[in-house]
Amino acid sequence: RIAVAGPMSGPNAVFVREQLNGARLAVEQANANGGVLGLPIEIQEIDDKADTEETGRLALEIGSDHRVLAVIGHPNSGPALLASDVYDQYKVPFVITVATNPKITNRGNTFTFRICPTDEMQGPLAAEYAFSKLGKKTIAILHDGSTYGKGASEEFGKRADSEGANIVLLEIAPRGQTDFGSLVAKLA
């Protein structure tokens with residue numbers, strides 16, 4: 001059994017849909033060729049609701065379930081950071097699909113693997129694109145306050161500052177906010 005974990009419902013479900021479809025296709029193909037060691041593979045869908053507390057509870061359940069041989073997912077950095085410690089404790093391989101916080105894989109957990117670039121890579125690349133391709137030197141940085149938003153914005157800001165950019169605004173627009181009038185006024 002392979003667990004595919006992440007928000008299966010709600011606004012963050014889009015992050016899991018593609019990894020779940022990819023896992024389903026890979027399992028279907030592997031099972032058509034005899035599975036693993038002659039045994040069929042099955043997927044266990046885990047809805048962490050993009051919530052760190054819920055993820056902690058679920059990671060303990062997954063880690064102690066000896067039928068689960070690996071975990072794919074937890075696309076949100078906060079939940080992935082917590083889950084990686086739990087899976088490492090239980091020696092369950094954990095493949096991170098899109099969670100970008102560098103702390104997840106920089107702490108020496110031997111059972112945590114990453115297939116995506118970190119904030120330390122994405123932020124500077126985005127800043128370089130803004131300067132080199134778009135020719136922008138006056139920058140407003142806006143993020144949603146999430147672990148991902150904060151991390152990517154900080155790394156973008158470091159690179160922007162080192163390139164001599166004029167950072168005119170750094171703001172947080174929390175998830176769920178629908179009134180952006182004051183933010184638009186600040187940008188103007």
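What the table shows:
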{"quantity": "Beta bridges by DSSP in region 1-121, antiparallel share as percent, to the nearest 5", "calculated": "5 percent"}
{"quantity": "Under the Debye formula (equal points on every Cα, no solvent term), log10 I(q)/I(0) of region 82-137 at q = 0.18, 0.19, 0.29 Å⁻¹", "calculated": "-0.62, -0.65, -1.09"}
{"quantity": "Region 31-95: radius of gyration and largest Cα-Cα distance (Dmax), Å", "calculated": "12.7, 39"}
{"quantity": "Overall form of region 82-188 per C-alpha gyration tensor (a/c, 1.5; a/b vs b/c)", "calculated": "oblate"}
{"quantity": "Packing-based order for 118-124, 11-17, using average beta carbon neighbours within 10 Å, highest first", "calculated": "118-124, 11-17"}
{"quantity": "Three-way shape call for region 23-69 based on the alpha-carbon gyration tensor, with the a/c threshold at 1.5", "calculated": "oblate"}
{"quantity": "Amide N of region 35-75 lying under 12 Å from the label point, which is placed 7 angstrom from the Cα of Arg1 along Cα→Cβ", "calculated": "42-46, 61-70"}
{"quantity": "Shape of region 140-188, Cα gyration tensor, a/c cut at 1.5", "calculated": "oblate"}
{"quantity": "Sum of -39500 (n - 2.57) over DSSP H runs of 4+, divided by residues of the chain (222 nm, nearest 500)", "calculated": "-14500 deg cm²/dmol"}
{"quantity": "Relative contact order for region 1-142, counting Cα pairs under 8 Å that sit 6 or more residues apart, in percent", "calculated": "21 percent"}
{"quantity": "Rounded Å value of the spacing that divides the Cα centres of region 33-71 and region 134-163", "calculated": "35 Å"}
{"quantity": "log₁₀ of I(q)/I(0) at q = 0.14 Å⁻¹ - the chain, Debye sum with one point per alpha carbon", "calculated": "-0.84"}
{"quantity": "Built amide H within the under 5 Å cut-off of Thr97, gap 5+", "calculated": "Gly73"}
{"quantity": "Span-rule helices in the chain, defined as complete DSSP H runs reaching 27 Å or more along the axis (Cα) with Kyte mean at least -0.5", "calculated": "13-32"}
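Where a number appears in this text, it was derived from the coordinates with a stated rule and is not lab data. Because the structure is predicted, anything quoted here is derived from the model rather than measured. Glycine also receives a Cβ, built like all others from the backbone with ideal geometry; neighbour counts cover every protein chain displayed.
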